[in-house]
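This structure is in C-alpha cells; I'll ask about it shortly.
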Amino acid sequence: MRTIAGAVIVLAGLGGLGWWATVRQADVIEQQILQAATALEVPSVHGVDIAVSGRDITLTGIANGPDEAEALLAAYAAVPGQREVRADWTVLPVVSPYVMAARWQEDSFAAEGHVPTQAARAELEPILGSTQSLALGAGAPKDWSAAAKVGLTATRLLEEGEMRLEDQTLILNGIARTPSEGAAIERTLASLPQGYRSESVLDYLDDGTPPEYSITYDASTGLRIDGKLPAGLTADDVSGALNFVAHGGNAQTGLLGDPAGHIDRLKPLAEWLPELERLTIVRTGDDLSVVGTVGAGVDAELVAEALTEAVGNPVNLAVGAAQQPDGSLRTNAATGATEVARAGYWLPHVHFNPDIDTCADRMNTELQRNPIQFLTGSARLDAKASRVINAMASVAALCVTDGNLRAEIGGHTDSVGDPASNRALSEARANAVRAALIARGVASRALVANGYGESDPIETNDTEEGRAANRRTTVIWSPSDDGVN
C-alpha cells in the first residue's frame, strides 16, 4: 500500500514538473517572438504598436494606406516562431489628389482637407490655430508639411484670401494691402520645397501709386471728387472743406500718402465758390493745379489773384456766360439760392410787389447785407462785388419792368483827399454800378448815376468806422415818366 502511494506521489511530482517546464518554455518563446518582432525595422509612417500573446502577434495603430499595411503584415509574418499575425489598426485611405485648403479672413484660418500625420498636424496647429477639421490621409507628396507651412505663411500676408495645396501645386488667391505685401508673398512662395510650384492671383487695396485726385465743382451740378486720396483723407473730408455735404465721384481713400496740408489748402477755396461757374482742382503729390471759370460779370483777374495767394499755386480763370435761355432756372450748388438766367448772367430769382417802398427796402437790404466794394482809389469793382450787383440787378429789373420805376445810383466817399477828386471818384463808381446793372439786363433809360463825393456823410469822418460807412452806394427810386420796358 505504501509502495502504491509513493508511486502516485512520484508521478504527481513528475507531472507538475512537466507543466512548469511547459509554461516556462511558453514564456521564453513569447519573449523571443516579441524581441524578434521589435527588432524588425519595418518602415512605417505613423509607427505601429506590437503585442505578442503566446505565439500570436497583434499590430495596432495606423497604417499609412493599404500598401503599407500589406508590407507590415508580410514583414511580421516572417518572425520566427510566430503562429499568426493579427491587425487591429486603422488603415488610412489613399487620397488623390492630395488637397488641403485654408481660408484667411478676419485674422483667422478656416481649413479643410487632409493632413498626412499627427506630427504634421502639430506643426501646422500654431499657424492654423486649430487642425481638427483636417483628416488624416495617406498619399501626401514628399515635403508636404514644409510646403503647407510656406503656403499658410504666405496666406497670412493677405488682408483676406485662400490657399489650396493640391499635390505639389500651391494656389493662392486673395487681396493684399499693397504691391509691397504682394512682393513679400512672392518671396515667401519662392521658398517652396523642390518639386513644388505656385500660382497666385492677387488684388490690392492700394495699387502702390502715389495719391492723385481731382475735385470738380460746377455751379449747376455740384461737387464731384475722383481718384485716389491719401491715407486718412476721405471724400467727405474734402467736400466738408469746401462746405459741401453731398458729392459725387469715385474717390477712394488709399493706404499710402500723407494727408497733412490737403484740407488746409482747400478750405480757402470755399469762400470763392459763389463767384465761380466751374472749378477743377487736381492734386498730384504736393502739386496743386487749379483752373476754372468765373460767372459773367466777375473780375476773373482779381479772383485768380486771391485764389493764387490762398492755395500757394498759380490759378487760371476764364469768364463764362450763362448758356441757358433767359428765364431758365437753377439752384446754385454753392449758395443754395435759386437763380434765373438773364442776358448771360445767373441772377437771384426774386418775387415781390414792386412799389417804391418795397423796391427801396429790397435794394437797401441787399446793400446793407453786402456793401459794394471797390479797389482803393479806383472805380474797379472788387473781386466779390458781383454778388451784390447780381442781387441789385434782380431787384432793379423787377422794379423797372413791373413797377414802372426808375432809379438814381449815387456814389459817396469819405472826406479823405481832395473834394473834387472825391466827387469824380464817386461819380465814376456810380457809373460803374450803373453799367454793371445795364449789362445784366436792366433798361439803361431807367438808371442814372450821380457822384456826391464827400458832400452827404451819414457818419463822422473822424473815425475809420465812420469813414467806411460814408463810402457807400445809394439807390433812390422814383416813378418813371414814360415807362420803361
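Read the figures in this text as sums done on the coordinates, not as results from a lab. Bear in mind the structure is a predicted one, so any value in this text is a computation, not a measurement. Every residue, glycine as well, gets a Cβ built from its backbone with ideal geometry; the counts of neighbours run over all protein chains shown.
Taking H as built 1.01 Å from N, whose amide H comes closer than 5 Å to the amide H of Trp346, not counting residues under 5 places away?
Hits under the 5 Å cutoff: Ala296, Ala322.
A further question on this structure: Set Lys and Arg Cβ to +1 and Asp and Glu Cβ to -1, take the dipole of the chain about its Cα centre, and tell me which of Leu134, Ile29, Ala87 lies farthest positive.
My answer, from the dipole projection, is Ile29.
Along the charge dipole of segment 213-300, Cβ charges K/R +1 and D/E -1, which of Gly248, Val294, Gly222 sits furthest on the positive end?
Gly248
Taking amide hydrogens as modeled 1.01 Å from N in the peptide plane, which residues meet the under 5 Å criterion relative to Arg380, leaving out close sequence neighbours?
Residues meeting the amide H criterion: Leu375.
Give me, ordered by chain and number, the residues 5 or more places off Arg86 or on other chains with an amide H under 5 Å from its own placed amide H.
Amide H neighbours of Arg86: Ile57, Thr58, Leu59.
Rounded to the nearest 0.05, what FRET efficiency is calculated for Ser455 and Leu256 with R0 set to 45 Å and r the Cβ-Cβ distance? Let's see the in-between values first.
Numbers: r = 66 Å, r/R0 = 1.46.
It comes to 0.10.
Turning to a different aspect of this structure: Counting Lys and Arg as +1 and Asp and Glu as -1, each charge on the Cβ, what is the dipole of segment 99-204 about the Cα centre in debye, to the nearest 20? Kindly include the intermediate steps, with their values, before the conclusion.
Details: 9 positive and 15 negative charges, 65 e Å.
Roughly 320 debye for segment 99-204.
Determine the percent antiparallel among the DSSP beta bridges restricted to segment 276-318, to the nearest 5. Mind showing how you got there, number by number?
Numbers: 8 of 12 bridges.
Here the antiparallel bridges make up roughly 65 percent for segment 276-318.
In segment 212-320, what percentage of the DSSP-assigned beta bridges are antiparallel, given to the nearest 5? The partial results should precede the final answer.
Working: 22 of 31 bridges.
Among the beta bridges of segment 212-320, antiparallel pairing accounts for roughly 70 percent.
What value, in deg cm²/dmol to 500, does the helix sum -39500 (n - 2.57) over DSSP H runs of n ≥ 4 give at 222 nm once divided by the residues of the chain?
On the way: 12 runs with 171 residues, N = 485.
Mean residue ellipticity at 222 nm (helix-derived): -11500 deg cm²/dmol.
Roughly what % of DSSP beta bridges within the chain run antiparallel, to the nearest 5? Write down the numbers at each step before the final one.
Details: 63 of 98 bridges.
Beta bridges within the chain, antiparallel portion: roughly 65 percent.
Can you sort Ile225, Ile372, Ile458, Ile356 from fewest to most other Cβ atoms within 10 Å of each residue's own Cβ? Intermediate values should be presented prior to the final figure.
Working: Ile225 25, Ile372 22, Ile458 10, Ile356 14.
If I rank by nearby Cβ atoms, fewest first, I get Ile458, Ile356, Ile372, Ile225.
Between Ser108 and Ser378, what length comes free when the chain is fully extended (0.36 nm per residue of separation minus the Cα-Cα distance, one decimal in nm)? Don't skip to the end; give the middle numbers.
On the way: separation 270, 0.36 × 270 = 97.20 nm, distance 7.23 nm.
Stretched out fully, the Ser108 to Ser378 stretch lengthens by 90.0 nm.
At 0.36 nm per residue, minus the direct Cα-Cα distance, what do Ala321 and Asp167 gain on full extension? Give it in nm, one decimal, please. The partial results should precede the final answer.
On the way: separation 154, 0.36 × 154 = 55.44 nm, distance 7.08 nm.
Gain on extension, Ala321 to Asp167, equals 48.4 nm.
Per residue of segment 367-379, what does 6.51 cos²θ - 1.76 cosθ + 1.60 with θ = phi - 60° give for ³J(HN,Hα)? Whole Hz please, x for Gly and Pro, Karplus curve as stated.
5, 6, 5, 8, x, 5, 10, 10, 5, 4, x, 9, 9
Continuing with the same structure: What size of dipole, in debye to the nearest 20, comes out for segment 27-91 about its Cα centre when the only charges are +1 on Lys and Arg C-beta atoms and -1 on Asp and Glu C-beta atoms?
On the way: 3 positive and 10 negative charges, 24 e Å.
I would put it at about 120 debye.
Between the alpha-carbon centers of segment 103-164 and segment 410-447, tell me the distance in whole angstrom.
Centre-to-centre (Cα) distance: 85 Å.
Simple spin-label model, 7 Å along Cα-to-Cβ: Asp27 to Asp286 in nm?
Taking the simple label geometry, Asp27 and Asp286 are separated by 9.4 nm.
Something else now. Please give the length that would be gained between Val416 and Asp402 if that part of the chain were fully extended, namely 0.36 nm times their separation in residues minus their C-alpha to C-alpha distance (nm, one decimal).
1.0 nm
Specify the longest stretch of the chain that does not include any exposed loop site, a site being one of the GluC sites (Glu not before Pro) with a non-H, G, I, E, B DSSP assignment and at most 10 other Cβ atoms within 10 Å. Walk me through the numbers before you get to the answer.
On the way: sites that count: Glu41, Glu106.
Between the exposed loop sites, the longest stretch runs 107-485.
Explain nothing, just the number: dipole magnitude of the chain about its Cα centre with +1 on each Lys and Arg Cβ and -1 on each Asp and Glu Cβ, in debye rounded to the nearest 20. Don't jump to the answer; show the numbers that get you there.
Details: 36 positive and 63 negative charges, 178 e Å.
Dipole magnitude for the chain comes out near 860 debye.
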